[in-house]
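First up is the structure itself, then whatever we jot down about it.
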Amino acid sequence: MSERVLMKGNEALAEAAVRAGCRYFFGYPITPQNEIPEYMSRRLPEVGGVYLQAESEVAAINMIFGGAGTGERVMTSSSSPGISLMSEGISYIAGAELPCVLMNIVRGGPGLGSILPAQSDYFQATRGGGHGDYRLLVLAPSTLQEGVDLTMLAFDLAEKYKNPVMILGDGFMGQMMEAVEFRTPEPMDLPDKRDWAVGYMERRGTRALVKSLYLDPEELERHNMKLQAKYREMEKNEVRYESYRTDDAEIVLAAYGTTARIARSAINELRREGLRVGMIRPISVYPFPYAPFENLPGSVKNVLVVEMSCGQMIDDVRIGVGRTVPVHFCGRVGGIAPSVDEIEARIREITGK
Amino acid sequence: MKETKIFERPKSMSDVPTHYCPGCTHGIAHRLVAEVIDELGIQKKTFGVAPVGCSVFLYNYIDTDMYEAAHGRAPAVASAVKRIRPDMVGFTYQGDGDLASIGMAEIVHAANRGELITVIFINNAIYGMTGGQMAPTTLLQQKATTCPLGRDPGVNGYPMRVAELLATLAAPAYITRVSVAKPKYVGKAAAAVKRAFQTQIDRKGFSFVEMLSTCPTNWGMRPADAANWVEEKMIPYYPLGDIKVPE
Ligand SMILES: Cc1ncc(C[n+]2csc(CCOP(=O)(O)OP(=O)(O)O)c2C)c(N)n1
Ligand code: SF4
Ligand SMILES: [Mg+2]
């Protein structure tokens, strides 16, 4: 099953979800992710699943709350304003410890912003987004193939941790065409839904209770500690990143998603000239790969963070790098990505080469 | 003398004290739901969705699979569960703030899609849990903590007749209004709950039972006065009876 097919980004992500066993999709249209619900509305009935268009993102995420409680593989997708609207529900899902996958094809903000690609929802994605002390597991693919692989992985991770997993993409990824291959991930040892989910009272003898309410302060504190222990576990097991030509690097770029592709081109060009440039590319943005930034090679004199935002991931990079070397920033917003030339110019400016 | 039990706790009702105020009719409504679940023998294939409101702890009282939903969103939660588990029987239980204010979009669209769920709507003309603020169903001139001089239609509009509003839609199969404020009304209320669940089980469509209820605490009345107030003030504005019945 290793045929390569040329697909549009959003459709490839949707197909990956179907291949991962997602059978239920609830969502509300918003550009630039409409191809995901459109694809699901055709595809899910073919595999015995259900596509339901919700009346709003608020309804969609609460459908996900209900659906996830059955233990089946459920997904929604949206883009920035829609994710904001879903935030209360996402908090309930995290609080009730339900597995689900959320796709966020980020567009420019604030407010209605634009429909063009952006990375300006990094804070929202990596800090939970809604109210309360909770985290999503957030994966940020850089190529379509990686998007497909991570989407398939996301469903397993969601079940493993009983936690929502977000695929953090951007409009470029959603709209581009690339050849992809659907590869089944390594099987994981996952909890049996029949032990906890709605619909198995007869079999289990006890009912399922799906809730996030704990009025007793001690109990709510214990619940929070349990969630925190889970997040520490994710931080231990689920950090993913790529180091690219960092060994002898004098300057290391930090970039994720589409921006990392552009940064890679800049690095390759400058390397041809002999400039020692490398990159650390976070793949999981929560949990964030702090370690490679804490342990930069001794050759590194500067770090440059490249984002399609006014500077959000830079905070995490700074936490990792600490005071060892200066951390610089190169960002564009409004639906504009930093160009290869801009990144090169910034590197020359910093290194004086 | 041989003893015969003529009254007992429904099997699908948990053996725990409820937290309701004296004279509150939430408990009666819970019991009617539990009795029907027992009668239909569906305890182990039923899921309920509790609202945010005084009845948030419904999940402690009804012993079936249960969700505690976000404020107003129970119909969206139940819609998804029912689509995924069509052989289960699903109900939501919601107050008037929950269903008719913050959750108006979710109830209208669930009804309009003809979701095969049963909705129990507790209309007590007030926000009970948060301490007596105005609800969409608060009557004209009725006082609430956020309309201390009484509801003024020029400022707050008119009390909403939710059952009638939903009955304008094509998909719902059964829409009715009952009261649980006095024993004489409870028989009809019980029959309505049963018919609503049966409508769902027979896959005839969406079913909705509005129950006129009391909130003596936030109405500032003694329980008996509250029951009379339902009869004298609420029923004339919210007439009892079937509004839409299955074919
Ligand atoms: C998003 C959100 N907004 C507001 C609240 C606060 N709140 C809790 S219950 C409630 C009103 C409940 O009134 P109703 O639905 O009529 O139920 P009752 O208590 O009268 O049975 C409100 C506003 C909340 N929990 N969540
Ligand atoms: S506040 Fe009102 S609705 Fe709530 S329990 Fe008391 S009487 Fe019942
Ligand atoms: Mg109320």
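The values are calculated or read from the model by the stated rules, or taken from the named source; none is laboratory data. Values in this document were obtained by computation on a predicted structure and should not be read as measured data. Using ideal geometry, Cβ is built from the backbone for each residue, glycine included, and neighbour counts are taken over all protein chains shown.
For the stretch A:177-215, what are the residues that are among the aromatic types (F, W, Y) and closer than 19 Å to A:E97 by Cα? First the steps, then the outcome.
Taking the stretch A:177-215 as the starting set, the residues that turn out to be among the aromatic types (F, W, Y) are A:182, A:196, A:200, A:214.
Result: A:W196, A:Y200, A:Y214.
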Residue count, the stretch B:175-223, condition assigned to a helix (DSSP H, G or I) and of a type in the set (S, T, N, Q), comes to 5
Scanning the stretch B:125-140 for residues that are more than 9 Å from ligand 3 (Cβ to nearest atom) and among the aliphatic types (A, V, I, L, M), the one farthest from B:I102 (Cα to Cα) turns out to be B:L140
Pairs returned, first residue in the stretch B:9-28 that is within 14 Å of chain A (Cβ to nearest Cβ), second residue that is of a type in the set (D, E, K, R) and within 16 Å of ligand 2 (Cβ to nearest atom), beta-carbon separation under 7 angstrom, 6 or more apart or interchain, are B:M13/B:R31
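In this structure, is B:V81 in a helix (DSSP H, G or I), buried (at least 24 other Cβ atoms within 10 Å of the Cβ) and away from ligand 3 (no atom under 16 Å from the Cβ)?
So B:V81 passes the test.
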Picking from B:A78, B:A100, the residue that is at the interface with chain A (Cβ under 8 Å from one of its Cβ atoms) and either within 24 Å of B:P223 (Cα to Cα) or in contact with a Ser or Thr (Cβ under 7 Å, 6 or more places away or on another chain) (or both) would be B:A78
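To keep it simple, each residue is scored yes or no on (1) surrounded by fewer than 24 Cβ atoms within 10 Å (Cβ to Cβ); (2) in contact with a Leu (Cβ under 9 Å, 6 or more places away or on another chain); (3) closer than 21 Å to A:M40 by Cα; (4) not assigned by TED's automatic domain parsing to the domain that holds A:N163.
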| site | (1), (2), (3), (4) |
| --- | --- |
| A:I83 | no, yes, yes, no |
| A:I105 | no, yes, yes, no |
| A:Q119 | no, yes, no, no |
| A:F123 | yes, no, no, no |
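Residues are listed down the side, and each one gets a yes or a no for (1) away from ligand 1 (no atom under 13 Å from the Cβ); (2) without any contact (Cβ under 8 Å) to a residue 60 or more places away in the chain:
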{"position": "B:A74", "(1), (2)": "no, yes"}
{"position": "B:A78", "(1), (2)": "yes, yes"}
{"position": "B:V81", "(1), (2)": "yes, yes"}
{"position": "B:P86", "(1), (2)": "yes, yes"}
{"position": "B:F91", "(1), (2)": "yes, no"}
{"position": "B:D96", "(1), (2)": "no, no"}
{"position": "B:G114", "(1), (2)": "yes, no"}
{"position": "B:I126", "(1), (2)": "no, no"}
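Does at least one position in the stretch A:338-348 carry a residue that is of a type in the set (K, R), farther than 30 Å from A:K236 by Cα and in contact with a strand residue (DSSP E or B) (Cβ under 7 Å, 6 or more places away or on another chain)?
Yes: one or more hits.
For the stretch B:90-115, give me the residue count where each residue is of a type outside the set (F, W, Y), away from ligand 2 (no atom under 16 Å from the Cβ) and surrounded by 23 or more Cβ atoms within 10 Å (Cβ to Cβ). Lay out the reasoning, then the answer.
So in the stretch B:90-115, the residues of a type outside the set (F, W, Y) come out as B:90, B:92, B:94-115.
Applying the additional criterion that residues be away from ligand 2 (no atom under 16 Å from the Cβ) yields B:90, B:92, B:102-115.
Narrowing further to those that are surrounded by 23 or more Cβ atoms within 10 Å (Cβ to Cβ): B:90, B:92, B:103, B:106-107, B:110-111, B:115.
Here the count works out to 8.
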Residues of the stretch B:33-52 being surrounded by fewer than 24 Cβ atoms within 10 Å (Cβ to Cβ) and either within 12 Å of chain A (Cβ to nearest Cβ) or touching a residue at least 40 places away in the same chain (Cβ under 8 Å) (or both), in sequence order, are B:E35, B:E39, B:L40, B:G41, B:I42, B:Q43, B:K44, B:K45, B:V52
A:P81 fails exactly one of (1) out of contact with any Pro (no Cβ under 8 Å at 6 or more places or on another chain); (2) free of Cβ contacts under 8 Å to residues at least 60 places away in the same chain; (3) part of a loop (DSSP other than H, G, I, E, B); (4) more than 23 Å from B:E68 (Cβ to Cβ), namely (3)
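Suppose we filter A:R318, A:R332 for residues that are under 18 Å from A:T126 (Cα atoms) and within 27 Å of the chain's Cα centre (by Cα); which single one remains? Spell out the reasoning first.
Numbers: A:R332 fails: under 18 Å from A:T126 (Cα atoms).
Answer to the selection: A:R318.
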Picked from the stretch A:62-95 (must be touching an Asp or Glu at 6+ places or on another chain (Cβ under 8 Å) and of a type in the set (A, V, I, L, M)), the residue farthest from the other protein chains (Cβ to nearest Cβ) is A:I83
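Yes or no, residue by residue, for (1) in contact (Cβ under 8 Å) with a residue 12 or more places away in the chain; (2) surrounded by fewer than 17 Cβ atoms within 10 Å (Cβ to Cβ); (3) outside the structural domain of A:I115 (by TED's automatic domain parsing); (4) out of contact with any Lys or Arg (no Cβ under 8 Å at 6 or more places or on another chain):
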{"site": "A:N268", "(1), (2), (3), (4)": "no, yes, yes, yes"}
{"site": "A:M279", "(1), (2), (3), (4)": "yes, no, yes, no"}
{"site": "A:L296", "(1), (2), (3), (4)": "yes, no, yes, yes"}
{"site": "A:V300", "(1), (2), (3), (4)": "yes, no, yes, yes"}
{"site": "A:I319", "(1), (2), (3), (4)": "yes, yes, yes, yes"}
